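The values are calculated or read from the model by the stated rules, or taken from the named source; none is laboratory data. Just so we're clear, the structure is a prediction, and the values are computed from it rather than from any experiment. FYI the Cβ positions are ideal-geometry reconstructions off the backbone, even for glycines, and counts take in every protein chain you see. Remember, those area values only see protein heavy atoms, side chains included, never the ligands or the DNA or RNA. Shrake-Rupley method; radii C 1.70, N 1.55, O 1.52, S 1.80 Å.
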Amino acid sequence: MGFCIRIPLIGQITWPLTAALLLTSAASAADVRVFVGTYTNAQSKGIYSLQFDETSGKLSAPTLAAESESPSFLAMHPTGRYLYAANEHPSGPASAPGTISAFAVDGSSLKLINIVSSRGAGPCHVAVDRTGHWLFAANYAGGSIAAFPIQANGALGEASSFFQHTLTSVEPRQKEPHAHMVVLSPDNRFLLVADLGGDRVFVYRFDERSGKLTLNDPPAGILPPGSGPRHIAFSHDGKLLYVLSELKDTVTTFRWDAGKGALESADFISALPAGYTGSKSGAEIAVHPSGKFLYTSNRGHDSIAMFAIAADGKLTAQGHQPTRGKTPRNFTIDPSGKFLLAANQDSSTIAVFGIDEKTGKLAPVGDPVAVPTPVSILFAPRK
């Protein structure tokens with residue numbers, strides 16, 4: 001009799017516990033890690049870590065992942081085991097070379113591995129090739145790029161390639177070259193470099209075995225004088241390159257010849273509302289994982305510009321979403337493609353927006369989360 005009584009009691013206790021464990025597992029499965037680079041100051045100490053819920057769009061409060069001096073752009077190793085940061089404003093003269101920091105990812109924390117010279121002043125962007133053997137850096141103030149070997153333990157070696165740009169253009173900020181972004185082509189055969197000072201997107205041939213870079217022939221895609229190309233993004237099929245110009249705040253579309261590494265200008269559209277006369281400064285550009293939508297951030301107008309991408313790659317403006325903060329610099333789209341996170345540098349917040357899967361339009365989700373002077377947002381890959 002006692003034995004018969006215990007069976008239902010065990011069942012009554014076990015099933016709720018099992019359900020609770022399953023619910024806890026499901027909740028944690030929806031969470032992904034986010035790392036945020038900042039400009040360091042009295043409030044900010046370096047790189048911060050947050051949890052993001054891909055189901056609700058909720059972003060947790062930040063915790064300090066690692067102290068680092070003005071880590072203004074972050075890049076992840078393909079394995080997810082290492083993170084790299086461009087330290088844009090190191091101590092010392094403005095003309096002094098900046099640094100690149102390598103970290104081991106340990107959950108929500110980052111452990112410093114080593115720091116190397118970026119070989120130029122003001123490094124503002126870094127990228128890792130698909131093999132995980134090479135890192136590239138763009139030095140904004142130095143107007144140069146450099147390549148670095150990545151060792152087996154994630155550490156960076158000294159620069160193995162270096163190129164100094166020399167071209168300038170018509171605007172006051174274009175009296176010197178300003179390399180602003182380094183991006184690998186989809187097939188990993190070319191490195192493309194947006195240079196704000198020279199109104200060029202330079203193309204380098206890249207040997208992924210040796211890490212050697214050589215300037216391509218033709219060497220660059222050319223933008224109208226005074227454009228100031230800042231950031232670039234390939235279309236979903238890799239046949240087009242979208243170039244955001246910081247000074248004119250426009251998007252120029254180039255056709256990409258993957259065999260020759262050649263860029264041919266194809267289209268042009270403003271990232272600002274018609275008739276807008278305020279300050280303008282384009283910052284970030286990204287294509288949605290579906291390949292159907294493109295977004296750019298507008299500092300001054302403090303908005304995200306939304307575009308629909310047609311089957312032939314042509315962009316159609318879909319309006320603007322205020323970022324609920326000042327100076328939206330970097331933004332990123334979460335791995336699920338359901339949300340966009342925008343870093344409002346001068347209001348020290350990150351705002352989350354839901355993405356309509358049919359139209360690509362954005363809608364605010366929750367309240368912005370306080371993060372000191374955020375300038376780069378990076379999702380860590382799932383384990």
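Odds and ends about this structure:
- Residue match in the range 288-307 (condition: assigned to a strand (DSSP E or B), open to solvent by 20 Å² or more (accessible area, probe 1.4 Å), free of Cβ contacts under 8 Å to residues at least 60 places away in the same chain and not charged (D, E, K, R)): no
- Residue in the range 338-347 that is of a type in the set (Gly, Ala, Ser) and open to solvent by 50 Å² or more (accessible area, probe 1.4 Å) present: no
- Candidate set from the range 271-286 (those that are touching a residue at least 24 places away in the same chain (Cβ under 8 Å) and either among the polar types (S, T, N, Q) or part of a strand (DSSP E or B) (or both)); member that is surrounded by the fewest Cβ atoms within 10 Å (Cβ to Cβ): 281
One line per residue, one yes/no per condition, for (1) in contact (Cβ under 8 Å) with a residue 40 or more places away in the chain; (2) in contact with a strand residue (DSSP E or B) (Cβ under 7 Å, 6 or more places away or on another chain):
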| residue | (1), (2) |
| --- | --- |
| 135 | yes, yes |
| 139 | yes, yes |
| 142 | yes, no |
| 146 | no, yes |
| 158 | yes, yes |
| 163 | yes, yes |
| 190 | yes, yes |
| 221 | yes, yes |
| 229 | yes, yes |
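- Selection status of residue 129, in contact (Cβ under 8 Å) with a residue 60 or more places away in the chain and charged (D, E, K, R): yes
- Candidate set from the range 32-53 (those that are touching a strand residue (DSSP E or B) at 6+ places or on another chain (Cβ under 6 Å) and of a type in the set (D, E, K, R)); member that is most open to solvent (accessible area, probe 1.4 Å): 45
- When the test is whether a residue is of a type in the set (Gly, Ala, Ser) and within 18 Å of the chain's Cα centre (by Cα), residue 342 passes it.
- Strands (runs of 3 or more DSSP E) contained entirely in the range 176-269, each with at least 1 residues that are open to solvent by 10 Å² or more (accessible area, probe 1.4 Å): 179-184, 200-206, 213-222, 229-234, 240-245, 250-257
- For residue 97, the criteria (1) under 28 Å from residue 175 (Cα atoms); (2) open to solvent by 30 Å² or more (accessible area, probe 1.4 Å); (3) out of contact with any Lys or Arg (no Cβ under 8 Å at 6 or more places or on another chain) hold in every case but one, which is (3).
- For the range 48-93, the tally of residues that are of a type outside the set (Asp, Glu) and assigned to a strand (DSSP E or B) stands at 22.
- When 92, 142, 154 are screened for being on the phi > 0 side of the Ramachandran plot, at pLDDT 95 or above and not charged (D, E, K, R), only 154 passes.
- So residue 110, is it buried (at least 18 other Cβ atoms within 10 Å of the Cβ) and either in a loop (DSSP other than H, G, I, E, B) or more than 18 Å from the chain's Cα centre (by Cα) (or both): yes
- Checking each residue in the range 28-67 for being of a type in the set (Lys, Arg) and more than 22 Å from residue 346 (Cβ to Cβ) picks out 33, 58.
- A single entry from 77, 89 fulfils the requirement of being open to solvent by 10 Å² or more (accessible area, probe 1.4 Å), closer than 20 Å to residue 35 by Cβ and in contact with a Gly (Cβ under 6 Å, 6 or more places away or on another chain): 77.
- With respect to the stated conditions, residue 99 is at pLDDT 95 or above and under 19 Å from the mean Cα position of the chain (by Cα).
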